[in-house]
Amino acid sequence: MTEKPTRSDRIYDFLVGNGHGERISTGITEAAAKVVPANFLRLLVATLCTKVGDALSKPGVMITWMLSTLGAPSALIGLIVPIRESGALVLQIFVGELASRYRLRKWFWVAGSVVQGSAILGMVPVALFLSGAAAGWAVVGLIAIFSLARGVCSVISKDLVGRTIPKTRRGRLGGIAASASGVIAIAVGIWLLLYKDRELEPVVFAVILGVAGGLWFLAAMAMSTLDEKPAKTEAKKNPFLEIKSSIGLLKTDSDFRLFCIARALLAGTVLSMPFYVILARHATDGSSGSLGILLIAGSVATALSGAVWGRLADHSSRLVLATAGILAGVIGFATAALGGIEFSGMGGSIFWGALFFLIGLAHTGIRQGRKTHLVDMSDADNRASMVAVSNTLIGIVVLAGSSVGLLTEWIGERWVIFIFALPGLFGGLLALKLPEVQREGKA
């Protein structure tokens, strides 16, 4: 006798397109397969909360604009994105090794989410009471704390998704959350447009950051309810020998090595995005209306591309990485060529909004493609190690690549974007050589 579908079953079937209630269980245990619908929804809520929080507190847009309003030095503002990205990555190899010793790992994620929320909430008094270099240094410090906690959640989330959600459904989880968060961020952008021709007051940034910080606490609550089945653990070994063994994957696994090289080349896209914002601010009146247009453009790109990239990644994450990487390179070249054109009135805001939309589209594709590819190319035994090694390597690359931004004073933002576009194009082409790792199966 067939069991009557629960509400979680029906919602899950609707979201992932299971028209006949079929159940996919590829890549997870039999015990985990029994609770996929409920766990999918719990992970979706947690992921959605963090993605909305990210959209509201995006360093390359919102925090950059806030610090500019507070009069922080440009040199400090330029450190925010590299610290956020690299700090979240460079220590992940240690996190992966530590987490592999525990059978239940969701509590690492819960703790990391609480720390992230606390760091963002710490920026509220900065917006209200500090200015100049003091505001800049305070935010840099809080971003460093945030990024380390983000690194913990990054490793653990991939492990949790890999053990609770089957293949061909993982990309949709991230895609749905990305699209929904994009819609919410669009609403915030429209709200900012109501302030057109007005300079945003610090209290507005405080409210936005306060809401963003609270969302990480809601995410922690949702993740704490995850029905996580105990993972396999190994006897404690020398952590440095374990790390050395994990790094050895780069030597022994050629597919993983190729993935890491392609991902490293594609890292220039995220480093280039703040320079689009700087160019847009210089080319427009710098009002809240211009900020609103950029936020809407980036959010529309996320909303439109999240679900699309997610579904495509479930079929071929290799092609998603290649397509998005090549697109990012072409957009960078176009920006370098056309960025010097002067516009008047809303023309400049619309032009830069369009460019920001396109680079956001490519960036979302790169993120969705590489996340899905890494989870699907690994298994329960090596997933944590692969994620940690890959992220640590990219963290070092991002930190080193941020030095290109120091050239801005001599060559300008357009040529910095051009320099970052070159490896993006090569990374996209290299991704075509990656193997197909998606395999569909039914329980």
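Kindly indicate whether Ala185 is surrounded by fewer than 21 Cβ atoms within 10 Å (Cβ to Cβ) and aliphatic (A, V, I, L, M). Show your work before the answer.
Values: surrounded by fewer than 21 Cβ atoms within 10 Å (Cβ to Cβ): no; aliphatic (A, V, I, L, M): yes.
Criteria not met by Ala185.
The condition of being polar (S, T, N, Q), out of contact with any Cys (no Cβ under 7 Å at 6 or more places or on another chain) and either farther than 27 Å from Ala231 by Cα or not in a helix (DSSP H, G or I) (or both) holds for only one of Ser402, Ser385, that being Ser402.
Tell me which residues, restricted to the range 47-75, are under 15 Å from Leu209 (Cα atoms) and of a type in the set (Gly, Ala, Ser). If the condition is that a residue be under 15 Å from Leu209 (Cα atoms) and of a type in the set (Gly, Ala, Ser), then Gly53, Ala55, Ser57, Gly60 are the ones that fit. The helices (runs of 4 or more DSSP H) falling completely within the range 1-62 that include 1 or more residues that are at pLDDT 85 or above and under 24 Å from Glu228 (Cβ atoms) map to 36-56. Only a single criterion out of (1) at pLDDT 85 or above; (2) in contact with a Phe, Trp or Tyr (Cβ under 7 Å, 6 or more places away or on another chain); (3) exposed (fewer than 14 other Cβ atoms within 10 Å of the Cβ) is not satisfied by Asp255, namely (2). Of the candidates Ala138, Ala180, the single residue that is in contact with a helix residue (DSSP H, G or I) (Cβ under 6 Å, 6 or more places away or on another chain), free of Cβ contacts under 8 Å to residues at least 24 places away in the same chain and surrounded by fewer than 22 Cβ atoms within 10 Å (Cβ to Cβ) is Ala138.
Going residue by residue through the range 402-418, is there one that turns out to be at pLDDT 80 or above and surrounded by 21 or more Cβ atoms within 10 Å (Cβ to Cβ)? Yes; the residues of the range 402-418 include at least one that is at pLDDT 80 or above and surrounded by 21 or more Cβ atoms within 10 Å (Cβ to Cβ). From the list Leu200, Leu128, Leu148, the one residue that fits, being touching a residue at least 60 places away in the same chain (Cβ under 8 Å), surrounded by fewer than 23 Cβ atoms within 10 Å (Cβ to Cβ), not polar (S, T, N, Q) and not in a helix (DSSP H, G or I), is Leu200.
The values are calculated or read from the model by the stated rules, or taken from the named source; none is laboratory data. Note that the coordinates shown come from a computational prediction; the quantities given were computed from them, not determined experimentally. Because the Cβ atoms are built from the backbone with ideal geometry, glycine has one as well, and the counts that use them run over all protein chains shown.
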